[in-house]
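Visitor: Sharing a structure, written as structure tokens. Questions coming.
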Amino acid sequence: MHGEPTCRKNPTLCSSFLLGFLIVFLLSFRHGCCKSDIHTGYRLTLAVPVEYTVGFIGRAFLIESNQMAPNFKTALSVEAVNGKYSCSLQVFLGDVKVWNSGHYSHFYVSEKCVLELTQAGDLKLKGPKNRVGWRTGTSRQGVERLQILKTGNLVLLDALNLIKWQSFNFPTDVILWGQSLNLATRLTSFPTNSTEFYTFEIQYDKIALYLHSGKWNYSYWEFKPSKNRNITYIVLGSKGLEVYNDKAKKIAQIFSSQQLDPLRFLALGNKTGNFGLYYFSEDDYNFKAAFQAINDTCDLPLACKPCDICTFSNTCSSIHLLTQKHKKNSGCGEGAPGEVLCGRDKVEMLEFHGVTSVLKDAPRRVNVSKDLCANLCIDDCECVAALYSSDTKECKIYGVVIGVKQFEGGNGLSYMVKVQKGIHTSHGKSNLKKWVMILVGVVDGLIILLVFGGLAYYLIQKRRKKLLATGNNNTS
């Protein structure tokens, strides 16, 4: 277990922790530690701390695959999440979590977290008062045991070794070597403290990465097989990500590894939204990326905060003329905008040149002018930004101001952000007024200086001539 609290600081919490450890120890002793499988009638309980401790992890490993390290292990876990304790069943490859029953929906518990493989063959996670938070739904299907295979697939088997349930059918943010992903499934990852999330999806004509924000979905990376061939499923092979059609014929491959060590898993990162292919390095005794889909930081959708521009130096620069107060009403604040943004008497578009958006698949109109593009966004209450290309006369409408980056050679592009009417105009006029007043002051000063300088020069020259004339008369 990890995250053990200090007993002296919190004896109540520590006693709960020790109780959970004792239960795990006794059950492990009774059933054997980390066997290759467990049978019906198995039950394991972890005690949940009374008080919340940030970073707490209580974990008991149940079964493991029979292979050389790093091998697969299955664990019952209690983790501190969002001020509560989450109970889940997890699969690890070495130290990497590759599957989690609570990936899409946390099962929050108090007092205890229970894993049970019932006599009827249903695998359950339960809390106090036998409240069920997750189950496989395999009751009365002849299930006899739970086993972790050498592929990392967690399976429920019957007496004939037929699979009645498997974790491979419920992918999270990782696919393992030999695992396939078809049109009906996808990988999903959730950035911490964000309303957006990422998906890795298989479609008929492409493989794509998507950013989801509310009802808006945008792709930011795509791979399309040549000759417009359709995709049915993909498989992670030892040397790359293999793409197949409906006749089980390989039509493409993403990346061809030159590493001697085979690829072990594909992971969709929850911080960047990038996906990578990973192998195990015996030299470093760690997993390393053999391939990353996106190599430029500015091509990542959340490389910068909303309403920031990712620059050529891979740094984030805030969009000018938008203060924190105004950002809330321009789609730039965290969460939903402060008020509905629509109506030509209330909003206008703030235009930027030399920038673009990494977000694709936005609603678009073709053969339109820039003014019409701006008006389309102004009249749409859910639109907060638009990208216009004068070369193709194409207008894209966005519901988020995310993924904006500096773009070289983008003279034909105009990126426009919706703001409250008068925000940047009055700001610009104020600055212009100050600039004009400064310029007028400088010019006036120069004029006055020249006038007085010229007058002084005239008087000096006139007096000098008069003195010279007087001197000449005296001499004669």
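Visitor: Which residues, taken from segment 54-67, are of a type in the set (Val, Ile, Thr) and buried (at least 17 other Cβ atoms within 10 Å of the Cβ)?
Guide: Hit for segment 54-67 is Ile63, nothing else.
Visitor: Which condition number does Ala290 fail, the rest of (1) touching a Ser or Thr at 6+ places or on another chain (Cβ under 7 Å); (2) over 19 Å from Pro70 (Cβ atoms) being met?
Guide: Ala290 satisfies every listed condition except (2).
Visitor: Among the residues of segment 179-194, write down those that are part of a loop (DSSP other than H, G, I, E, B), touching a strand residue (DSSP E or B) at 6+ places or on another chain (Cβ under 8 Å) and closer than 15 Å to Gly273 by Cβ.
Guide: Of everything in segment 179-194, those that are part of a loop (DSSP other than H, G, I, E, B), touching a strand residue (DSSP E or B) at 6+ places or on another chain (Cβ under 8 Å) and closer than 15 Å to Gly273 by Cβ turn out to be Phe190, Pro191.
Visitor: Okay, moving on. Taking into account only those residues within segment 46-73 that are β-branched (Val, Ile, Thr) and under 27 Å from the mean Cα position of the chain (by Cα), which is nearest to Leu117 (Cα to Cα)?
Guide: The selected residue is Ile57.
Visitor: While we're on this one: Taking Lys271 and the conditions (1) touching a strand residue (DSSP E or B) at 6+ places or on another chain (Cβ under 8 Å); (2) surrounded by fewer than 13 Cβ atoms within 10 Å (Cβ to Cβ); (3) touching a residue at least 24 places away in the same chain (Cβ under 8 Å), which numbered condition does it fall short on, given that it satisfies the others?
Guide: All conditions pass for Lys271, except number (1).
Visitor: Is there any pair with a first residue in segment 362-384 that is touching a residue at least 12 places away in the same chain (Cβ under 8 Å) and a second that is crowded, with 18+ Cβ neighbours inside 10 Å and among the acidic types (Asp, Glu) whose Cβ atoms are under 9 Å apart and which are 6 or more apart or on different chains, and what are they?
Guide: Listed pairs, sorted by first residue: Ala374/Glu348; Ile378/Glu348.
Visitor: Just a yes or no: is a residue in segment 165-174 in contact with a His (Cβ under 8 Å, 6 or more places away or on another chain), crowded, with 18+ Cβ neighbours inside 10 Å and modelled with pLDDT of 95 or more?
Guide: Yes, that holds for at least one residue.
Visitor: Which of the residues spanning segment 236-268 are in contact (Cβ under 8 Å) with a residue 24 or more places away in the chain and either acidic (Asp, Glu) or outside any loop (DSSP other than H, G, I, E, B) (or both)?
Guide: Leu236, Leu241, Val243, Ile251, Ala252, Ile254, Leu263, Arg264, Phe265, Leu266, Ala267, Leu268, listed by residue number.
Visitor: Answer yes or no as to whether Ile163 is closer than 22 Å to Val235 by Cβ, out of contact with any Lys or Arg (no Cβ under 9 Å at 6 or more places or on another chain) and free of Cβ contacts under 8 Å to residues at least 12 places away in the same chain.
Guide: Considered against the rule, which asks whether it is closer than 22 Å to Val235 by Cβ, out of contact with any Lys or Arg (no Cβ under 9 Å at 6 or more places or on another chain) and free of Cβ contacts under 8 Å to residues at least 12 places away in the same chain, Ile163 comes out as yes.
Visitor: Additional query: Condition (residue is under 25 Å from Leu176 (Cα atoms), in contact (Cβ under 8 Å) with a residue 60 or more places away in the chain and under 24 Å from the mean Cα position of the chain (by Cα)) applied to segment 101-122: is it met by at least one residue?
Guide: Yes, because at least one residue in segment 101-122 is under 25 Å from Leu176 (Cα atoms), in contact (Cβ under 8 Å) with a residue 60 or more places away in the chain and under 24 Å from the mean Cα position of the chain (by Cα).
Visitor: Against the condition in contact with a strand residue (DSSP E or B) (Cβ under 8 Å, 6 or more places away or on another chain), part of a strand (DSSP E or B), touching a residue at least 60 places away in the same chain (Cβ under 8 Å) and over 17 Å from Gly58 (Cα atoms), how does Val91 come out, does it pass?
Guide: Answer is no for this residue.
Visitor: Taking segment 353-388 on its own, how many of its residues are part of a strand (DSSP E or B) and within 21 Å of Asp308 (Cα to Cα)?
Guide: Result for segment 353-388: 8.
Visitor: What number of residues in segment 145-178 are outside any loop (DSSP other than H, G, I, E, B) and hydroxyl-bearing (Ser, Thr, Tyr)?
Guide: 1
Visitor: Could you run through segment 195-208 and say how many residues are part of a loop (DSSP other than H, G, I, E, B) and surrounded by 17 or more Cβ atoms within 10 Å (Cβ to Cβ)?
Guide: The total comes to 1.
Visitor: Any idea which residue in segment 298-356 is surrounded by the fewest Cβ atoms within 10 Å (Cβ to Cβ), counting only those that are β-branched (Val, Ile, Thr) and modelled with pLDDT under 90?
Guide: Taking the candidates together, the pick is Thr323.
Visitor: From the list Asn228, Asn217, which residue is closer than 30 Å to Ser357 by Cβ and touching a residue at least 60 places away in the same chain (Cβ under 8 Å)?
Guide: On inspection, the qualifying residue turns out to be Asn217.
Visitor: Only one residue in Ser77, Ser105 is small (Gly, Ala, Ser) and surrounded by fewer than 16 Cβ atoms within 10 Å (Cβ to Cβ), so which one is that?
Guide: Ser105
Visitor: Would you check which residues across segment 178-198 are closer than 17 Å to Pro306 by Cβ and either without any contact (Cβ under 8 Å) to a residue 40 or more places away in the chain or of a type in the set (Gly, Ala, Ser) (or both) and list them?
Guide: Asn193, Ser194, Phe197 - these are the residues of segment 178-198 that are closer than 17 Å to Pro306 by Cβ and either without any contact (Cβ under 8 Å) to a residue 40 or more places away in the chain or of a type in the set (Gly, Ala, Ser) (or both).
The values are calculated or read from the model by the stated rules, or taken from the named source; none is laboratory data. Just so it is clear, the structure is predicted and the values come from calculations on it, not from any experiment. We place every Cβ from the backbone using ideal geometry, glycine too, and count neighbours over all the protein chains shown.
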